[in-house]
Amino acid sequence: MSSENESKLGEFESVVKDGAVDLLNKIEVGDFSGAIKVIQELSDARHKSFYNEVGCLTRSLHDAIRDFQIDSVDMMVKSGVSDVEAGSRITDASDRLNYVIEMTSSAANKTMDMVDSSVPVASELQSQARELHKDWNRLIQRDLTPQEFRDLYKRIDAFLKYTDESATTLHNNLNTILLEQGYQDLTGQVITRVNELIRDVEERLVHLVSVAGRVDSISGIEHESENKERDDDRGHGPAINKNDNPEVLNNQDEVDDLLSSLGF
Amino acid sequence: MKILIVDDFSTMRRIIKNLLRDLGFTNTVEADDGTTALPILQTGTIDFLVTDWNMPGMTGIELLRAVRADEKLKTIPVLMVTAEAKRDQIIAAAQAGVNGYVVKPFTAVALKEKIEKIFERIDSAK
């Protein structure tokens, strides 16, 4: 379809070229009424091509909207669709990404819950072991009274029981942390699908831009290309493909080097 | 020593809070961007500010500038913990008077090192 449109545009260009030669010839020989007629013909050809291209743009836009099932009031009225629930692929993608945010946040929080509940257990084991170790050394040096010895006897028994229980707790917590990492699989799948959609959307947008470009060339509209860089102050978020961008530092060491070169 | 942690993601606030607790700083408060952080700072009870850069509302760099521009707050040490790693941004943060800059993802060691360095410098300046 696009090659057909391109040939139409080519047709218009050759009409303009031929018309220009014709116009010059007519002016040279003093045939002004003929010249005006050529101008009129050129203007008509321009209008015709313009309408063709706008029509083509509208069709492409319509196709793109239909393909992505974007909710459009106009389209729903026309096709009699009342089921707003269906949603568009874009809305769907947005929902999917929200799901990723929820999943990652929940996994991070659960993991931190497990860490929070494990740290005191490990600390308690450590402090009890240190206390026992002190008295154990005194036992080795035969420095304990019989009462202290009986006491140590009981404490070791309690410690062994506590160690057993603690190991079970830590083991369970570690297992929970392990299972929580399953989010990576699920979110990975979701992101892969959203990625496909984005590539698809980009492809179609590029097509739309090329069709719109033909309308611009006939109508003589020129767009000021705004190449606005995102403001540093607002932040850019994590840098992807850092190695490709010399303006982005790769790690803490590079940041430290830069800061120390600034006298930090 | 009361520390204000500013980050729009609660997970990151929690990570920083836990790491600070391991370093012995148990008195922390949280805010989710500069706009909510400033009123907390203005109560005059905060001794140390740890902030992200990229946040909705008021960003970390704007917060840093606001702190440095405020006669009562300007001496508070500020540590930036952020994913922003553009050369110009780090220079801008340094010019705005940041005391330390940690890029995400970071390690507990890196955070500890920067915090200790900041306190060392404050102590030696006394």
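B:Ile46: surrounded by 18 or more Cβ atoms within 10 Å (Cβ to Cβ), of a type in the set (A, V, I, L, M) and within 12 Å of another protein chain (Cβ to nearest Cβ), yes or no? Explain how you work it out, then say what you get.
Values: surrounded by 18 or more Cβ atoms within 10 Å (Cβ to Cβ): yes; of a type in the set (A, V, I, L, M): yes; within 12 Å of another protein chain (Cβ to nearest Cβ): no.
Against the criterion (surrounded by 18 or more Cβ atoms within 10 Å (Cβ to Cβ), of a type in the set (A, V, I, L, M) and within 12 Å of another protein chain (Cβ to nearest Cβ)), B:Ile46 does not qualify.
When each of A:Asp257, A:Asp233, A:Asp253, A:Asp216 is tested for being surrounded by 10 or more Cβ atoms within 10 Å (Cβ to Cβ) and more than 14 Å from chain B (Cβ to nearest Cβ), the lone residue that passes is A:Asp216. When B:Glu62, B:Glu71 are checked against the criterion of being of a type in the set (Asp, Glu) and part of a helix (DSSP H, G or I), B:Glu62 stands alone in meeting it. Number of residues in the range A:89-107 that are small (Gly, Ala, Ser) and surrounded by 15 or more Cβ atoms within 10 Å (Cβ to Cβ): the value is 2. Of all residues in the range B:76-106, those that are more than 8 Å from every other protein chain (Cβ to nearest Cβ) and either closer than 11 Å to B:Leu49 by Cβ or not in a loop (DSSP other than H, G, I, E, B) (or both) total 12.
Set side by side, the residues A:Leu178, A:Leu259, A:Leu174 differ, and just one is closer than 27 Å to A:Leu97 by Cα and not in a loop (DSSP other than H, G, I, E, B), which is A:Leu178.
Checked against (1) modelled with pLDDT under 95; (2) surrounded by fewer than 18 Cβ atoms within 10 Å (Cβ to Cβ), B:Ile40 meets all criteria but (1).
For the condition under 30 Å from A:Leu125 (Cα atoms) and free of Cβ contacts under 8 Å to residues at least 24 places away in the same chain, what is the one hit in A:Asn172, A:Asn251, A:Asn245? Quick ask: steps written out before the conclusion?
Values: A:Asn251 fails: under 30 Å from A:Leu125 (Cα atoms); A:Asn245 fails: under 30 Å from A:Leu125 (Cα atoms).
The conditions single out A:Asn172.
Determine, yes or no, whether B:Met12 is in contact (Cβ under 8 Å) with a residue 40 or more places away in the chain and surrounded by fewer than 23 Cβ atoms within 10 Å (Cβ to Cβ). Against the criterion (in contact (Cβ under 8 Å) with a residue 40 or more places away in the chain and surrounded by fewer than 23 Cβ atoms within 10 Å (Cβ to Cβ)), B:Met12 qualifies.
The values are calculated or read from the model by the stated rules, or taken from the named source; none is laboratory data. Values in this document were obtained by computation on a predicted structure and should not be read as measured data. Note that we place each Cβ from the backbone using ideal geometry, even for glycine, and neighbour counts take in every protein chain shown.
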